[in-house]
Amino acid sequence: MSGEVFGGFVCTVCGERHEVLPLKYSIKAPQAVLAVPPDQIEDRVVITADQCVIDGQQFYLRGRILIPVRGLEAPFVWGVWAEISPKSFLRANEVWQLQGREQELPFMGWLNNDLFLFGDTLNLQLDIHTQPVGERPLFTISDPNHPLAIQQRDGITIDTVQDIAEMILHRGEPG
Ligand SMILES: [Zn+2]
């Protein structure tokens, strides 16, 4: 099982059946890219599937926040971006293709996406854990008392996965 829970769910917000209960949400770019006017993106933003640089001086890595789901083998995944220091960005590139790079010490980053379910998550401090070549880094929340850190540690239930889906599907709708 990966990516979704079979069979969908009956939504408590709209009362309809949604065909898919996602176990994964991916945000395609750092939040900071949204602040760049569309007609300047080409000149100012370099973005790949894994890295982003703005103005040659703001550096971002794409990674994954994993949350265990009780009763499921597959974790829940937030695919998000972290801002990192120039030094960390250089180092990440030095070891990008290096076998054994997962032995790198964790380094600091700052969440650069708005996970609105958890309040203001922009610049939330992260520990970034380098994974084997070909895998995106894992992000853990540095503050052990943050709600997202508690979920990472204790896991969530499938009901919470559904609550998340309902909030994301119906964001901005009245009620
Ligand atoms: Zn619904």
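Read-outs throughout are calculated quantities, based only on the coordinates presented, and are distinct from any laboratory measurement. Everything numeric in this text was worked out from a predicted model, so none of it was measured. We place every Cβ from the backbone using ideal geometry, glycine too, and count neighbours over all the protein chains shown.
Straightening the chain between ARG70 and ASP39 buys 6.6 nm, computed as 0.36 nm per residue apart minus the Cα-Cα spacing. Once the gyration tensor of the Cα atoms in the chain is diagonalised, the equivalent ellipsoid follows with semi-axes of 29, 20, 15 Å, ordered largest first. For LEU122, neighbours were defined as the other residues whose beta-carbon sits under 12 Å from its Cβ, and their charges (Lys and Arg +1, Asp and Glu -1) total -3. Within segment 1-88, the proportion of C-alpha pairs whose separation exceeds 21 Å stands at 49%. Ordering VAL36, GLY100, PRO22 by the projection of their Cα atoms onto the charge dipole of the chain, which places +1 on the Cβ of Lys and Arg and -1 on the Cβ of Asp and Glu, puts GLY100 at the extreme positive end.
Here the extension length gained between PHE118 and VAL95 equals 5.0 nm, from 0.36 nm per residue of separation less the Cα-Cα distance. Kirkwood analysis of segment 96-148, using all unique Cα-Cα pairs, places the hydrodynamic radius at 12.1 Å.
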